[in-house]
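In what follows, a single structure is set out as structure tokens and then discussed.
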Amino acid sequence: SESTSVNTDIVTLTRFLTEEQTKHKEATGDFTLLCHALQFSFKAISYYIRRATLVNLTGLAGQSNATGDDQKKLDVIGNDLFISAMRSSGKCALLVSEEEEEIIFFKSHTGARYAVACDPIDGSSNLDAGVSVGTIFGIHKLADDSSGTKEDILRPGTELLAAGFTMYGASAQLVITMKGGTVNGFTLDNSFGEFILTHPDMRIPKQRAIYSVNEGNSSYWEDNTISYFNSLKQPQESGKPYSARYIGSMVADAYRTLLYGGIFAYPADKKSPKGKLRILYECAPMAMVFENAGGQAVNSRMERMLEVVPESIHDRSGIYLGSYDEIEKVKSFHK
Ligand code: P6P
């Protein structure tokens with residue numbers, strides 16, 4: 001009979017997390033349970049994002065959906081789903097969400113040792129255009145003597161236990177990395193309802209002539225920022241200038257940069273001196289993923305992004321994120 005090569009050794013995220021746990025003999029299993037709640041929230045958000053266009057969520061709510069703006073109610077649904085998943089896990093002591101002005105403390109979770117930061121639906125302004133959006137997350141462990149305070153989350157990215165994102169594109173792609181670990185990509189298989197390991201040990205190419213920045217801000221850029229991007233537009237040793245690729249959804253721009261190489265940037269400028277992107281749930285989690293994949297991430301002062309300490313839970317930073325050699329090139333323009 002014709003042998004059909006069936007992969008019977010399917011690594012689901014559930015199995016991956018269980019195997020990860022066995023690497024830590026002191027593990028209680030709490031982190032694993034927290035990650036199961038995380039993966040549930042990604043599946044639920046993915047489901048609602050796909051349905052939003054079909055059932056016109058706001059329409060069914062009896063509200064006239066005159067403009068795409070109503071579509072952004074998915075921000076609220078995504079946020080509610082995430083909070084609910086963290087609450088029901090019982091393992092999250094506190095949660096910072098892009099959608100919540102204040103920290104959410106789960107007081108009933110006595111014994112919970114984790115602090116989570118997330119942007120439930122990053123890039124939501126693109127939702128009605130059908131552009132890929134995503135959920136970005138970072139997980140910190142509480143200080144040993146703490147029962148969960150703001151100080152537990154206002155930590156540098158070097159202390160993150162895990163970080164990653166899920167991009168809701170043609171399929172839901174989860175990229176996750178643990179402290180000191182590799183970067184692994186999972187694809188949601190809707191027939192199983194499981195995230196399947198499709199991109200083990202992701203490594204970003206050392207260099208690639210692709211740059212990703214909103215040129216619409218260039219009149220606000222500092223001189224060294226202008227010089228750097230202008231240099232990319234000149235023919236390189238290859239004889240060709242860099243290609244420009246900008247989607248305007250960080251998760252989509254970051255995922256392409258991770259796979260193809262190149263550089264993504266949202267520089268601090270005269271209009272936004274502290275930058276636009278948020279440290280806790282955009283810059284730091286992405287910086288951890290890119291460093292663990294062999295890339296780099298720095299702020300507009302060329303400081304290592306993971307060493308930046310946020311001053312407040314919604315603190316912002318300029319960011320350059322990408323291939324190792326591409327960040328070295330940025331640094332050469334910021335001496
Ligand atoms: P701009 C989306 O609103 C977001 O927070 C990121 O996902 C994205 O990279 C950035 O802002 C886009 O900002 O100013 O280029 O529209």
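What the table below lists for this structure:
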| quantity | calculated |
| --- | --- |
| Degrees between helix 30-51 axis and first principal axis of the chain (Cα, 0 to 90, nearest 10) | 70 degrees |
| Accessible heavy-atom area order of 218, 191, highest first, probe of 1.4 Å | 191, 218 |
| Neighbour net charge for residue 113 - beta-carbon separation under 13 angstrom, K R +1, D E -1 | -3 |
| Where Rh is the Kirkwood radius over Cα pairs, Rg/Rh for segment 72-122 | 0.97 |
| Whether segment 208-275 is rounded, prolate or oblate, judged on the alpha carbon gyration tensor where a/c under 1.5 counts as rounded | oblate |
| Built amide H within the under 5 Å cut-off of residue 198, gap 5+ | 185, 186, 187 |
| Calculated log₁₀ intensity ratio I(q)/I(0) where the Debye formula runs over C-alpha points of the chain, q = 0.06, 0.08, 0.11, 0.16 Å⁻¹ | -0.21, -0.38, -0.72, -1.42 |
| Reciprocal of mean inverse Cα separation for segment 199-335 (Kirkwood radius, Å) | 14.8 Å |
| Cβ-based charge dipole, segment 209-329, positive-most Cα from 217, 322, 292 | 217 |
| DSSP beta bridge pairing in the chain, given as percent antiparallel to the nearest 5 | 85 percent |
| Sequence-distant residues sharing a close amide H with residue 316 (under 5 Å, placed H) | 279 |
| Heavy-atom surface of the chain, accessible at 1.4 Å and reported per residue (Å²) | 46 Å² |
| Cβ-based net charge around residue 152, under 13 Å, with every Lys or Arg adding one and every Asp or Glu removing one | 0 |
| Within segment 147-200: Cβ-based charge dipole about Cα centre, in debye rounded to nearest 20 (Lys, Arg +1; Asp, Glu -1) | 120 debye |
| Calculated diffusion of segment 9-49, Stokes-Einstein form, Kirkwood radius summed over Cα pairs, 37 °C and 0.692 mPa s, µm²/s | 293 µm²/s |
| Sparse-neighbourhood loop sites, GluC sites (Glu not before Pro) in segment 96-150 - DSSP loop, at most 11 other Cβ within 10 angstrom | 101, 102 |
| Lys/Arg +1, Asp/Glu -1 at C-beta; the chain dipole; positive extreme among 272, 308, 334 | 334 |
| Where 278, 51, 208 fall by accessible area, highest first, once all protein chains stay in place (1.4 Å) | 208, 51, 278 |
| Accessible-area composition of the chain, carbon plus sulfur, in percent [1.4 Å probe] | 50 percent |
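The values are calculated or read from the model by the stated rules, or taken from the named source; none is laboratory data. What you see is a predicted model, and the numbers here were worked out from it, not measured in a lab. Ideal geometry is used to build each Cβ from the backbone, glycine not excepted, and the neighbour counts take in all protein chains shown. Calculation scope for accessible area: heavy atoms of the full protein, side chains included, ligands and nucleic acids excluded. Shrake-Rupley method; radii C 1.70, N 1.55, O 1.52, S 1.80 Å.
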